[in-house]
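Note sheet for the following structure.
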2 protein chains.
Amino acid sequence: MSKYSIGIDYGSLSGRAVLVEIGTGKELASSVYDYPHAVMDTELPDGTRLGVDWALQDPQDYIDVLEHTIPDVLKQAGVDAADVVGVGTDFTACTVLPVKKDGTPMCFLPEFRHNPHAYVKLWKHHAAQDKANALNEIAEKMGESWLARYGGKISSEWEFPKLWQVLSEAPEVYEAMDYFVEAADWIIWQLTGVQTRNSCTAGYKGIWSKREGYPSKEFFKALDPRMENVIEEKMGCPVTPLGRKAGEVTEAMARLTGLRAGTAVAIGNVDAHVTIPAVKIDAEGKMLGIMGTSTCHVLLGKKEKNVPGMCGVVEDGIMPGFFGYEAGQSCVGDHFAWFVKNCVPASYEEAAAKAGKNIHAYLTELAEKLQPGESGLVALDWWNGNRSVLVDVDLTGLMIGLTLQTKPEEMYRALIEATAYGTRKIIETFKQNGVPIHEFYASGGISQKNPMAMQIYADVINLPVRIAGSSQGPALGSAIFGAVAAGRKNGGYDDVFQAAREMGNLRDVVYAPEPGAAAVYDRLYAEYDLLHDYFGRGANDAMKRLKALKIAVKSKGMLSK
Amino acid sequence: MSKYSIGIDYGSLSGRAVLVEIGTGKELASSVYDYPHAVMDTELPDGTRLGVDWALQDPQDYIDVLEHTIPDVLKQAGVDAADVVGVGTDFTACTVLPVKKDGTPMCFLPEFRHNPHAYVKLWKHHAAQDKANALNEIAEKMGESWLARYGGKISSEWEFPKLWQVLSEAPEVYEAMDYFVEAADWIIWQLTGVQTRNSCTAGYKGIWSKREGYPSKEFFKALDPRMENVIEEKMGCPVTPLGRKAGEVTEAMARLTGLRAGTAVAIGNVDAHVTIPAVKIDAEGKMLGIMGTSTCHVLLGKKEKNVPGMCGVVEDGIMPGFFGYEAGQSCVGDHFAWFVKNCVPASYEEAAAKAGKNIHAYLTELAEKLQPGESGLVALDWWNGNRSVLVDVDLTGLMIGLTLQTKPEEMYRALIEATAYGTRKIIETFKQNGVPIHEFYASGGISQKNPMAMQIYADVINLPVRIAGSSQGPALGSAIFGAVAAGRKNGGYDDVFQAAREMGNLRDVVYAPEPGAAAVYDRLYAEYDLLHDYFGRGANDAMKRLKALKIAVKSKGMLSK
């Protein structure tokens, strides 16, 4: 008799549940629910205005996802809830909210309903940049050793800059909250009634490490004297490694979802990291790129190494027993979306429509006919800054080699190639710093839809590229962790690696580097590398000067002499 | 009683006659005639195939222009041919043909009708590049002093590379020809029955100078022993300065055109150079840019200076008594045409159509709202290589500062600005080499149609920009020289400067630099300049390497390892 696990993937705009057969990884049903409040980036529902770069969510939406999608997948699959032995979840991160001792979000309380700081700060809430800058400066000055584990910089997206912003702008919220928790952990708390803190978000977003714990009281005091005891006061929950069971579905949640009370629930997880077992990665040397609008790179390693520009290295941060590495490119698919929106001539749109093709498919068909090097173009993939190796948001895009004969499909391909060079740069930086990589795995939209892009990646990085078998990698990964939470005696697994091997999924196709193409791309990458260092490492700060001038002109109008 | 002059402007695809009132410069009538053979770049009319980069014309077309346009303007204006006292012409250059002693083009002779080398080689015939390269190498090796007068390089477009190609590939044509003449001079020969050679094409295209004459026999012998006496054998016609009368309309031409036999005809001229008097330039320091698909810059100076990358300096080459300077940008309007063809999204085309606007007008309207520096973009105007200062066809285009927010109108404006930076680079190079420039004049399509572009030019070069009053500048300039050929006693002028002041034409508008914008453009130009030197002077030869790789890949397929 088959047993099942449900994985729930919380994205930026919706949550998705997938019901998976344990042992095979077969996906029997899936269901998506759009957050009613979506992303609040201009105002609260009551009309309270938000500042620039804000991005909030309403945690009720996360509960609504459970209420809608779980009954739906059970019904679609025709599976008895008694046979669902585990539930796993993954979330965007760092997505955080202030809550009371019992887990009640501050924004549910009448007295804080109109206060923006009482809501969930979504990962892409960027209004704490000044706090991040100050934090980094202080950390560097105090010689904090943990800074190197984060490539030398804490992002404004992460926990402490966001928490510090609350303290600074809404001390009443800071005072009144009992915990500042990751949504990834909050949803588990709601499902099980038990508060936990997962090692993944604690490590990558909360400056925690298994060996060293959190930064010192002295450091937090240097940020703000009121934060001296922030860990005890606002983060007072021990950290649990990934792969463990967090608790069991409560009676109340059972009524809401149709699951059986007592069903095992896994420790919270993060969308990118949770995908590792979904593509059967169980060892070091295999980098996974989750390729969408941006790309997140995750990788297991046996040793802790400091790699410039990486997002972080966290012991047990992805799979137990390994150091999990994370890196990223801030703009991948967004390049192609920008190009299609701003640079594709009407004649191409018409030809695509006539051929009954989507414009990406049409451009890809033309770009596929080009040989590597044939366009004479090289681009720097910095249309949205650089968060890999250089970690500099003030860098901008560049294209070189344009002529009167340059065609749209050549520019389109050059942008795809540029993102592949960006990935190669990350891979080479890891390798140079002692973290081996000898295979590349790709999941996410681009990996599923664009074989040309995948061949280009294989040729550029000169490594075989394997493709995720599921288009719902994170949800599948969550289901795998759900099966592990259930344990072998309940029809699940005791070991996440075995679960990954049996339930993870890869396509049959492997994109192997073509030696001729790889040789041409070696030469093109050398040009990329030269431009990367020239514009990215201070030899010519044209991009920064142009950006500064742009901001000055926009804010003050034309400069006077 | 008014007197009149007719100016005839021979372009690449058509000839245009304008009938002008002497004393006022008022244009009473104009008439255009398209060359029946247009540009022959793939085959002769008999099907004989042409090579890559060939561009030929049939000289009969030039005669047909006279036959059609002159009667037409006389009729339109209702002017008696007796009151037309002068005719002037201008031509593309270097546009050359082999002829017999009596002026008969070789291609009119039955025995040479099927030989491509018997036809007119149009200015843009680029198939003699290997000859130009060899010529330059030999000239440099022999330390030829005249090389500096041409910015250090003779172009493949000019007389001797083209003539050498004839000798090399069709010695029978070389043998049989008595003269290799500029079409500019040939048409005068046809009108007057008198062979002349004008100082403008002789100087700029034929390596002739008033003081030093032609290169030495030793030099020509070094090219090919058969060319030792090339000047006596194929160019045996003395050079006449501009502003002189060449002869008078013959009886036969009078019958063909409706002009009176005996009407004065001016010495031949070139389309760009002839425009100087049409915009009233009568002194040094005033650069004229003839802005179309490319831009030709012409300028009068009191002294001979060597300026890197200029096309040439020729005494009496533009106006008598001055050193005429010529420089150029190989790609100006072509940038915008490329952009509109390859990079403007369908949504913009639709909005333009809805507003009843041409797409250039629509983009300009949007680009006009941007402040200098607001886009954060800088481009290098090298989509068709660089023929100013750097003189390097292997350079290619570049754009920097691109972001996900970059809009088409920003890129469009960045390209316009790039061409303005290119012009500033030329101006600064002239000034640094002792040739003063303190005003800029613009003629040609862009100057007439795009006030935004003209304001950008004024702000970027930080000089007032004056605009040609006539959209037919070359034809008006030719008419001015026609009036001078007639002389004062026949109702014309004895002095071309006086003729220019009375008949030349400027618009009332002057684009004055706006100090705030000029200050921003100083900073943007500094970025252009830095990129110009970095990519153009050898610090990073990425453009050349990419082009070489492109050629290798295209010709040999993918490189093998």
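Return the residues of segment B:1-28 that are open to solvent by less than 10 Å² (accessible area, probe 1.4 Å) and out of contact with any Asp or Glu (no Cβ under 6 Å at 6 or more places or on another chain); say none if nothing qualifies. Once the filter is applied, which keeps residues that are open to solvent by less than 10 Å² (accessible area, probe 1.4 Å) and out of contact with any Asp or Glu (no Cβ under 6 Å at 6 or more places or on another chain), segment B:1-28 yields B:5, B:6, B:7, B:8, B:10, B:15, B:17, B:19, B:25.
From the list A:148, A:134, the one residue that fits, being over 15 Å from residue A:227 (Cα atoms), open to solvent by less than 60 Å² (accessible area, probe 1.4 Å) and in contact (Cβ under 8 Å) with a residue 24 or more places away in the chain, is A:148.
Per the listing A:193, A:203, the residue uniquely closer than 18 Å to residue A:268 by Cβ, among the small types (Gly, Ala, Ser) and surrounded by fewer than 22 Cβ atoms within 10 Å (Cβ to Cβ) is A:193. Restricting attention to segment B:372-415, the residues that are in a loop (DSSP other than H, G, I, E, B), within 27 Å of the chain's Cα centre (by Cα), surrounded by fewer than 24 Cβ atoms within 10 Å (Cβ to Cβ) and within 9 Å of chain A (Cβ to nearest Cβ) add up to 1. Here residue B:432 fulfils each of the conditions (1) away from every other protein chain (no Cβ under 14 Å); (2) out of contact with any strand residue (DSSP E or B) (no Cβ under 8 Å at 6 or more places or on another chain); (3) more than 21 Å from residue B:334 (Cα to Cα); (4) open to solvent by less than 10 Å² (accessible area, probe 1.4 Å) apart from (4).
Taking the condition more than 19 Å from residue B:447 (Cβ to Cβ) and surrounded by 21 or more Cβ atoms within 10 Å (Cβ to Cβ), does residue B:296 pass?
Details: more than 19 Å from residue B:447 (Cβ to Cβ): no; surrounded by 21 or more Cβ atoms within 10 Å (Cβ to Cβ): yes.
So residue B:296 does not fit the description; no.
The condition of being open to solvent by 10 Å² or more (accessible area, probe 1.4 Å) and either touching a Phe, Trp or Tyr at 6+ places or on another chain (Cβ under 9 Å) or not acidic (Asp, Glu) (or both) does not hold for residue A:475. Scanning segment B:297-313 for residues being modelled with pLDDT under 95 and in contact with a His (Cβ under 9 Å, 6 or more places away or on another chain) gives a total of 2. Only residues that are within 9 Å of chain A (Cβ to nearest Cβ) and part of a helix (DSSP H, G or I) were counted in segment B:345-358, giving 5.
Kindly establish whether residue A:454 is open to solvent by less than 30 Å² (accessible area, probe 1.4 Å), away from chain B (no Cβ under 14 Å), closer than 27 Å to residue B:342 by Cβ and at pLDDT 95 or above.
Numbers: open to solvent by less than 30 Å² (accessible area, probe 1.4 Å): yes; away from chain B (no Cβ under 14 Å): yes; closer than 27 Å to residue B:342 by Cβ: yes; at pLDDT 95 or above: yes.
Criteria met by residue A:454.
Cβ-Cβ contacts under 6 Å between residues 6 or more apart (or on different chains), taken from a first residue in segment B:391-403 that is within 16 Å of residue B:525 (Cβ to Cβ) to a second residue that is in a loop (DSSP other than H, G, I, E, B) and among the polar types (S, T, N, Q), are listed as B:401/A:396.
Taken together, B:173, B:166 contain a single residue that is in contact with a helix residue (DSSP H, G or I) (Cβ under 7 Å, 6 or more places away or on another chain), at pLDDT 95 or above, crowded, with 24+ Cβ neighbours inside 10 Å and not hydroxyl-bearing (Ser, Thr, Tyr), which is B:166.
Give the residues of segment A:359-371 that are within 12 Å of chain B (Cβ to nearest Cβ) and within 31 Å of the chain's Cα centre (by Cα), sorted by residue number.
Within segment A:359-371, just A:359 meets the criteria.
Of the residues examined, residue A:327 is not one that is surrounded by fewer than 24 Cβ atoms within 10 Å (Cβ to Cβ), outside any loop (DSSP other than H, G, I, E, B) and on the phi < 0 side of the Ramachandran plot.
Residues checked against (1) facing another protein chain (nearest Cβ under 10 Å); (2) crowded, with 17+ Cβ neighbours inside 10 Å; (3) more than 30 Å from residue A:26 (Cβ to Cβ):
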position: A:501; (1), (2), (3): no, no, no
position: A:506; (1), (2), (3): no, yes, no
position: A:512; (1), (2), (3): no, no, no
position: A:525; (1), (2), (3): no, yes, yes
position: A:537; (1), (2), (3): no, no, yes
position: A:549; (1), (2), (3): yes, yes, yes
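When residue A:553 is tested against the conditions (1) open to solvent by less than 10 Å² (accessible area, probe 1.4 Å); (2) touching a residue at least 12 places away in the same chain (Cβ under 8 Å); (3) more than 18 Å from residue A:277 (Cα to Cα), the lone failure is (2).
Could you check segment A:206-218 and list, in sequence order, the residues that are on the phi > 0 side of the Ramachandran plot and either open to solvent by 10 Å² or more (accessible area, probe 1.4 Å) or not assigned by TED's automatic domain parsing to the domain that holds residue A:229 (or both)? If you could, list the steps in order and put the result at the bottom.
Pass one, segment A:206-218, residues on the phi > 0 side of the Ramachandran plot: A:207, A:213.
Residue satisfying the conditions is A:213 alone.
Any residue at all in segment A:275-290 that's within 21 Å of residue A:487 (Cβ to Cβ) and in contact with a Pro (Cβ under 6 Å, 6 or more places away or on another chain)? No; the residues of segment A:275-290 include none that is within 21 Å of residue A:487 (Cβ to Cβ) and in contact with a Pro (Cβ under 6 Å, 6 or more places away or on another chain). Number of residues in segment B:282-293 that are surrounded by fewer than 18 Cβ atoms within 10 Å (Cβ to Cβ) and part of a strand (DSSP E or B): the value is 1. Going by the conditions given, is residue B:147 more than 29 Å from residue B:58 (Cβ to Cβ) and hydrophobic (A, V, I, L, M, F, W, C)? Criteria met by residue B:147.
Are any residues in segment A:94-118 more than 12 Å from residue A:58 (Cβ to Cβ) and among the charged types (D, E, K, R), and if so, which ones? A:100, A:101, A:102, A:111 - these are the residues of segment A:94-118 that are more than 12 Å from residue A:58 (Cβ to Cβ) and among the charged types (D, E, K, R).
Please work out if residue A:208 is among the aromatic types (Phe, Trp, Tyr), modelled with pLDDT of 95 or more and farther than 28 Å from residue A:50 by Cα.
Working: among the aromatic types (Phe, Trp, Tyr): yes; modelled with pLDDT of 95 or more: yes; farther than 28 Å from residue A:50 by Cα: yes.
The answer is yes for residue A:208.
The values are calculated or read from the model by the stated rules, or taken from the named source; none is laboratory data. Everything numeric here is computed off the predicted structure, so don't read it as measured data. FYI the Cβ positions are ideal-geometry reconstructions off the backbone, even for glycines, and counts take in every protein chain you see. SASA here: full protein model, heavy atoms, side chains in, ligands and nucleic acids out. Shrake-Rupley method; radii C 1.70, N 1.55, O 1.52, S 1.80 Å.
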